[in-house]
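Throughout, read-outs are computed from the coordinates displayed, never taken from laboratory work. A quick note: this is a predicted structure, and the numbers were derived from the prediction, not measured. Every residue, glycine among them, receives a Cβ derived from its backbone with ideal geometry; neighbour counts consider all protein chains shown.
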Amino acid sequence: MNAYPALAVRGATKRFGAVLALDDVDLEVHHGEVLAILGDNGAGKSTLIKCISGVHKLDSGEIEVDGVPASMASPAVARAAGIETVYQDLALFDNLDATANFFAGHEKAVPAWLPRGMRWMRRRDMARSSSELLDRLKIRLPEKASTVGMMSGGQRQAIAVARTAAFASRVVILDEPTAALGLRESRQVLDLVLRLRSEGCAVIVISHAMDHVMEIADRAIVMRRGRTVGEEVPTPENRARLVSLIVGGEV
Ligand SMILES: Nc1ncnc2c1ncn2[C@@H]1O[C@H](COP(=O)(O)OP(=O)(O)OP(=O)(O)O)[C@@H](O)[C@H]1O
Ligand SMILES: [Mg+2]
């Protein structure tokens, strides 16, 4: 059992010009825990996870991974610290196929010093492991060799989620992972989250889908206008309270 949270954020503050997107936000998520971040459009959820994953820099505040202070200077730094993220505005490369997207950002899987012939073999390994994983997750793609730009929103999302699962180490962050998905695909993603949790991953899920949150999350924090306004265990009894925290009404 790990004494430290897998991820801790303290006093996170971030401005975009006149907009105070994050205002002194604290967050902790432990190994083997699923934390949901709830909140209306523009509450600051995506900004928070982009600061954690090195896309944006915090104006002030601290981030710790397993108790060790970390400056998330870039997405590569965050990934090296064991944080894998699926962004809401899916960061896939349209001109690449599923396999290449799978390994993007993990290119060191194919060492540049390998002779060309060997690199081709590594590429075949990558194709096999990505296709095994997609099969395991029961994700069906039209044609595995086709470029991602020609796939549907749901297919793209499925690839992005499968990719984080493949490289997950400490923390997996999913920003609206089921928003573009059909029923069957949503089910696969929810099962994947539960599997990551059982493997000791800390999972952060941003979602507007209350039913999904109640099924998979151990804890939910609610953000409004850049601040954390409450925290609840997402149960049917707490649903009304969570909704009122989200919209800002009185309970
Ligand atoms: N790159 C940016 N430049 C300027 N303003 C931004 C940027 N990203 C976000 N914002 C602003 O910061 C605030 C928080 O946005 P954010 O995307 O974090 O909200 P969110 O909670 O993820 O909303 P949604 O549920 O719609 O995805 C909004 O007012 C938004 O307009
Ligand atoms: Mg968002």
Which residues qualify? For Thr228, with a placed amide H closer than 5 Å and at least 5 residues away or on another chain, they are Asp26
Restricting to aspartates and glutamates and to Cα separations under 15 Å from Lys57, and discarding same-chain partners fewer than 8 apart, the set is Asp23, Asp24
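I'd like to compare 56-69, 181-194: which one has the highest average count of other Cβ atoms within 10 Å, and what's the full order after that?
Numbers: 56-69: 15.1, 181-194: 17.1.
Averaged packing, sorted descending, gives the order 181-194, 56-69.
Contour minus end-to-end for Asp135 and Asp94, with contour as 0.36 nm per residue of separation and end-to-end as the Cα-Cα distance? Please report the intermediate quantities before stating the final value.
Working: separation 41, 0.36 × 41 = 14.76 nm, distance 2.14 nm.
In short, 12.6 nm is gained.
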Treating every alpha carbon of the chain as one equal point scatterer without solvent, the Debye formula yields log10 I(q)/I(0) values at q = 0.12, 0.15 Å⁻¹ of -0.70, -1.07
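Taking 8 Å as the Cα distance limit and 6 or more residues as the minimum spacing, I'd like the relative contact order of the chain as a percentage. Please report the intermediate quantities before stating the final value.
Numbers: 470 pairs, mean separation 69.8, N = 251.
Once divided by the residue count of the chain, the mean separation gives 28 percent.
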